[in-house]
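The values are calculated or read from the model by the stated rules, or taken from the named source; none is laboratory data. Keep in mind that this is a model prediction, so the values were computed, not measured. Every residue, glycine as well, gets a Cβ built from its backbone with ideal geometry; the counts of neighbours run over all protein chains shown. To get the accessible areas, we keep the full protein, side chains included, count just its heavy atoms, and leave off ligands, DNA and RNA. Shrake-Rupley method; radii C 1.70, N 1.55, O 1.52, S 1.80 Å.
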Amino acid sequence: MQKILVRAFHLAHLMLRPMTLGVRVAAFDESGRLFLVRHTYVRGWHLPGGGVDPGETIEAAAHRELAEEGNLSAQAPLRLVSLHHNAAMSRRDHVAFYVCDRVSQSASKTSDREIAEAGFFPLDALPEGLTGGTKRRLDEWAGRAEPDPLW
């Protein structure tokens, strides 16, 4: 009976205070250009990414999001760079930041219900309106800033 109560308490805790996990990827083509997306439902330019689905590994989620948001496939290993608390989303949300040095695109990403615009940009000509989290991760990756535990 005690085992059942402990299990019920644990399930109730998870339902009331679920932890969420997301992923973002700095994805570069063979020319060194960075792929960015602009969503239909939130402002700014973002690194491709999204939530990790139940039963999915973080790296599998990164590959899935690259495919969904940009028709991208990794041609080099994804490298986990850092983990961040995303307090703007919730008290229990975290984001894994990956870098992929070489991706290929099977077809240009056209606008849809989620993605308003997407494309590759040279690092010295990134679009106006990068989100704060995107800018911080790129600055950290380039060695221009110390790692920040917050997204």
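Translational diffusion of the chain was estimated from the Stokes-Einstein equation, with Rh taken as the Kirkwood radius over Cα pairs; at 4 °C and 1.567 mPa s the coefficient is 79 µm²/s. A 1.4 Å probe run over the protein chains yields, for the range 28-143, 53 Å² of accessible area per residue, whole-number rounding. Packing, as the average of other Cβ atoms within 10 Å across residues, places the peptides 93-103, 129-139, 78-88 in the order 93-103, 129-139, 78-88, highest first. Extending 7 Å from Cα along the Cβ direction at residue 101 and again at residue 141 yields two label points whose distance is 1.3 nm. Remark: the residue 4-residue 68 segment gains 19.0 nm on full extension, using 0.36 nm per residue and subtracting the alpha carbon distance. What is the sum of charges, Lys and Arg at +1 and Asp and Glu at -1, for the other residues whose Cβ falls under 13 Å from the Cβ of residue 126? Once positives and negatives cancel, what remains is +1. The label-point distance for residue 40 and residue 90, in a model that sets each label 7 Å from Cα toward Cβ, rounds to 2.4 nm.
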